[in-house]
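**Student:** I have a structure I would like to understand better, so I am pasting it below and will then ask my questions one at a time.
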Amino acid sequence: MQNLEPITETKHEELLSLLNPLIDFMIANNYSYFLVAGKDGTCTRHLRGEFDDVAGIITGLMENNKQVRAIIESSVNDLK
């Protein structure tokens, strides 16, 4: 399995003050995660884990939520 390169944004101090304890907890307990939060065109993104684990998280979310699937598929199609 391939480890993914971690992504951590360093802007948005108020949001990060709330998210950082959660991120620290997930790192300390070896969680895989993909977290995106934003407002007004600005976002914070965090990713850690092995490729298969994170892909499974995203795929499971898409399988269980039609709106999420539509958003992700539309976003991927916009990249083409």
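**Student:** Just checking, how many residues over segment 32-46 are surrounded by 14 or more Cβ atoms within 10 Å (Cβ to Cβ) and not small (Gly, Ala, Ser)?
**Tutor:** Our first condition is that a residue be surrounded by 14 or more Cβ atoms within 10 Å (Cβ to Cβ); within segment 32-46, this holds for 32-35, 37, 44, 46.
From what's left, not small (Gly, Ala, Ser): 33-35, 44, 46.
Of the residues in segment 32-46, 5 are surrounded by 14 or more Cβ atoms within 10 Å (Cβ to Cβ) and not small (Gly, Ala, Ser).
**Student:** Which pairs have Cβ atoms under 7 Å, sit 6 or more apart or on different chains, and link a residue in segment 63-80 that is among the aliphatic types (A, V, I, L, M) to one that is open to solvent by less than 80 Å² (accessible area, probe 1.4 Å) and part of a helix (DSSP H, G or I)?
**Tutor:** Going by the 7 Å Cβ cut-off, the qualifying pairs are VAL68/MET62; ILE72/MET62.
**Student:** On to the next question. Mind listing whichever residues of segment 11-46 are part of a strand (DSSP E or B), touching a strand residue (DSSP E or B) at 6+ places or on another chain (Cβ under 8 Å) and in contact (Cβ under 8 Å) with a residue 12 or more places away in the chain? Please lay out each step first, then the result.
**Tutor:** Going residue by residue through segment 11-46, those that are part of a strand (DSSP E or B) are 33-39, 42-46.
Those left that are additionally touching a strand residue (DSSP E or B) at 6+ places or on another chain (Cβ under 8 Å): 33-38, 43-46.
Across segment 11-46, the qualifying residues are TYR33, PHE34, LEU35, ALA37, CYS43, THR44, ARG45, HIS46.
**Student:** Report whether or not LEU18 is at pLDDT below 95 and open to solvent by 70 Å² or more (accessible area, probe 1.4 Å).
**Tutor:** Details: at pLDDT below 95: yes; open to solvent by 70 Å² or more (accessible area, probe 1.4 Å): yes.
Judged against the criteria, LEU18 is a match.
**Student:** In segment 47-56, which residues are in a strand (DSSP E or B) and surrounded by 14 or more Cβ atoms within 10 Å (Cβ to Cβ)? Spell out how you get there, then give the answer.
**Tutor:** Quick first cut of segment 47-56, residues in a strand (DSSP E or B) only: 47-48, 50.
Within segment 47-56, LEU47, ARG48 qualify.
The values are calculated or read from the model by the stated rules, or taken from the named source; none is laboratory data. Here the structure is a predicted model, which is why all the values come from computation and not from measurement. Positions of Cβ are generated from backbone atoms using ideal geometry, with glycine treated the same way; all protein chains shown enter the neighbour counts. To get the accessible areas, we keep the full protein, side chains included, count just its heavy atoms, and leave off ligands, DNA and RNA. Shrake-Rupley method; radii C 1.70, N 1.55, O 1.52, S 1.80 Å.
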